[in-house]
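*Asks:* Take a look at this one; I'll ask things after.
The values are calculated or read from the model by the stated rules, or taken from the named source; none is laboratory data. Because the structure is a prediction, the values reported are computed rather than measured. So basically every Cβ, Gly included, is an ideal-geometry build from the backbone, and we count neighbours across all protein chains shown.
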Amino acid sequence: MHRRVVAIVANLARSIAQRELDTASHHLNWPADTLEILETKDSPGPGNVVMIELGDGVFTEVFTGFGRLGASAEKVASGAAGEAFSYLASRAMADEHLADQLLLPVALAGAGAFTATKLSLHARTNIEVISLFLPVQFAIEKSDDFVRVEASARS
């Protein structure tokens, strides 16, 4: 499995990115060779982001934390690492943010299923909207550590 944490800083100190990497690697227990810092001064303003990538060669999940005023580098990285950790601990194929993006392709195919860590309110709203426009129905089954979403042709 491919694992990588990238911390990007634009017009900010490199130490911010390093603190994000230190925090993410601590939460995930990942080695130094999975960590990377990217710096740029070619930006209209300052900013920072940490991205945690998990991939198996076919499928990649990305968990992102965006810097914002009042949020420490540690808080930004902890949020993204927490989501990645929850995903890794589950048996789900997708996280909650990817789940809402999978709904339309599955519905357009006419049938299909996937598992996700959970369904957000956004995903539940998408299910309702898609069902109004396409002849599909969705069934949702909850498990201990994931939710299964299945689309089938509406009769």
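*Asks:* Among the residues that make up segment 13-30, is at least one of them in contact (Cβ under 8 Å) with a residue 24 or more places away in the chain, part of a strand (DSSP E or B) and within 20 Å of the chain's Cα centre (by Cα)?
*Replies:* no
*Asks:* I've got another one for you. Say whether the condition of being assigned to a helix (DSSP H, G or I) and either over 30 Å from Asn29 (Cα atoms) or modelled with pLDDT of 95 or more (or both) is met by at least one residue in segment 133-148.
*Replies:* Step one: filter segment 133-148 for residues assigned to a helix (DSSP H, G or I), giving 133.
In the following step, the residues that additionally are either over 30 Å from Asn29 (Cα atoms) or modelled with pLDDT of 95 or more (or both) were identified as 133.
Yes, segment 133-148 has at least one match.
*Asks:* Exactly one condition in (1) under 30 Å from Val106 (Cα atoms); (2) polar (S, T, N, Q); (3) surrounded by fewer than 15 Cβ atoms within 10 Å (Cβ to Cβ); (4) without any contact (Cβ under 8 Å) to a residue 40 or more places away in the chain is not met by Ser86; state its number.
*Replies:* Only one criterion in (1) under 30 Å from Val106 (Cα atoms); (2) polar (S, T, N, Q); (3) surrounded by fewer than 15 Cβ atoms within 10 Å (Cβ to Cβ); (4) without any contact (Cβ under 8 Å) to a residue 40 or more places away in the chain is unmet by Ser86, namely (3).
*Asks:* Pick out the one residue from Ala111, Ala116, Ala80, Ala73 that is surrounded by 19 or more Cβ atoms within 10 Å (Cβ to Cβ), at pLDDT 95 or above and not assigned by TED's automatic domain parsing to the domain that holds Ser15. Let's see the steps before the verdict.
*Replies:* Values: Ala111 fails: surrounded by 19 or more Cβ atoms within 10 Å (Cβ to Cβ); Ala80 fails: not assigned by TED's automatic domain parsing to the domain that holds Ser15; Ala73 fails: not assigned by TED's automatic domain parsing to the domain that holds Ser15.
Exactly one residue qualifies, and that residue is Ala116.
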